[in-house]
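Colleague: Structure below; questions to follow.
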Amino acid sequence: MEAWLETATGDRVPVQGSFSIGRASQNTLVLPGDPRVSRRHALIHQQGAGEFWLVDLGSSNGVLRNGRRVRQPEQLQDQDRIEIGSFLFVFGKQEAPPLSGVAETTVTKTTNFLTIKETRTEELWLLIADIEGFTPLSQKLPGDELAKLVGRWICSCKEIIESQEGIINKYLGDGFLAYWPSSETPPAKIAGAVAELQKLQGRQQFPFRLVLHRGKITVDNAVALGENSLIGPDVNFIFRLEKVAGKLGQPCLLSKTAAGLLAGFGRTVSVGEHPVAGFGGHHEFFSYESAPAPGDPAPPAS
């Protein structure tokens, strides 16, 4: 899949992977000279089979898609108009033309002209974060205020996860799926990310939920194409786990596997065995509370 932003002058800027937009020089697309553009203003994130999602990173002046402010991550469609400050872009995408002599099956090597898809299956960590009660929240708050809150939340979560070597793989409208791409990632990295996310839960203006699992994941990876798809029953399992967490009212819920590996970094408490849609039998889950770091205030006495 090929995608681009077309400028007002007709130039096309290719969009691949995680495409950042803003005033700062570190962005993929730098927009200088307009004070209405934030240093880190927005993100276009490629995910799945040809999906591109537009994310406002909590900018002061917002992002308009087809004349309406983006309040949460939204999937872009061909010919969508994107406005950031005084800059106007038209998003375009199309299927990449077939390469002569290359079959439609999975290609197995890399050349100077083509990055080939590779697949690997490993035990990896998965994390889902999602905003609780997004629909009533969107009805309660003005659109501009909601957009800033959600964007800043996403930006904070992204920084926390990336600081511990994780990656946001997929935006979900009111949340995201993150993973740690190395099977060698030490549990301390995961615990560090969860600890910071739980601190964020404590100071965020709206509640959000965390679920965590470690399982066997197939990664379909073509870096140059910006794609990085996660496949397998354990991916489905963590999405079902998020539904269980919602029913139980748990702000942070771990699978049994995840709880066993993080037990030394915080307090895990069994919340019983529960059915999981699409998976046979009952499965034990655990609440989790990160251990306070040195210098953190002690939790209030119960």
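Read-outs: derived from the displayed coordinates by stated rules, not from any lab. Note that the structure is a prediction, hence the values are computed from the model and not measured. Virtual Cβ from ideal backbone geometry, glycine too; neighbours counted across all protein chains shown.
Colleague: Once you place label points 7 Å from the Cα toward the Cβ at Ile231 and Glu289, how far apart are they in nm?
Modeller: So the two model labels end up 4.2 nm from each other.
Colleague: Output the relative contact order of the chain, whole-number percent, from Cα pairs under 8 angstrom with separation of 6+ residues. Don't skip to the answer; put the middle values down first.
Modeller: On the way: 594 pairs, mean separation 46.4, N = 302.
About 15 percent, as a whole number.
Colleague: So for segment 172-268, taking the charge dipole from beta-carbon charges (+1 Lys/Arg, -1 Asp/Glu), which of Val235, Ser255, Thr218 sits furthest toward the positive end?
Modeller: Result: Ser255, furthest along the dipole toward the positive end.
Colleague: Also, quick follow-up: First check a/c for segment 2-94, with a ≥ b ≥ c the square roots of the eigenvalues of its C-alpha gyration tensor; if it is under 1.5, answer rounded, and if not, answer prolate when a/b is larger than b/c or oblate otherwise. Numbers along the way, then the final one.
Modeller: Numbers: a/c = 1.41, a/b = 1.30, b/c = 1.09.
Verdict is rounded for segment 2-94.
Colleague: Below 15 Å Cα-Cα, how many Lys pairs turn up in the chain? Only count pairs eight or more apart in sequence, or on different chains, if you could.
Modeller: Counting lysine pairs in the chain gives 6.
Colleague: Same structure, new question: In the chain, with Lys and Arg counted as +1 and Asp and Glu as -1 at Cβ, which of these residues, Ser183, Asn61, Ser18, has the Cα nearest the positive end of the dipole, that is, farthest along it?
Modeller: Highest projection toward the positive end goes to Asn61.
Colleague: Quick check: pseudo-label points 7 Å beyond the Cα along Cα→Cβ at Glu165 and Val13, how many nm apart are they?
Modeller: 3.3 nm
Colleague: Something else about it: How high is the relative contact order of segment 2-94, in percent, counting Cα pairs under 8 Å that sit 6 or more residues apart? List each step's numbers first, then the result.
Modeller: Working: 208 pairs, mean separation 23.7, N = 93.
Relative contact order, segment 2-94: 26 percent.
Colleague: Between Gln94 and Thr135, how many nm apart are label points set 7 Å from Cα along the C-beta direction?
Modeller: If labels sit at Gln94 and Thr135, their model points lie 3.9 nm apart.
Colleague: Also, quick follow-up: Roughly speaking, what is the stretch gain from Ala277 to Asp78, that is 0.36 nm per residue apart minus the C-alpha to C-alpha distance, in nm to one decimal?
Modeller: Values: separation 199, 0.36 × 199 = 71.64 nm, distance 3.48 nm.
Length gained between Ala277 and Asp78: 68.2 nm.
Colleague: Rounded to the nearest 0.05, what FRET efficiency do Thr28 and Thr119 give with R0 = 22 Å and r taken as the Cβ-Cβ distance? Could you check?
Modeller: 0.25
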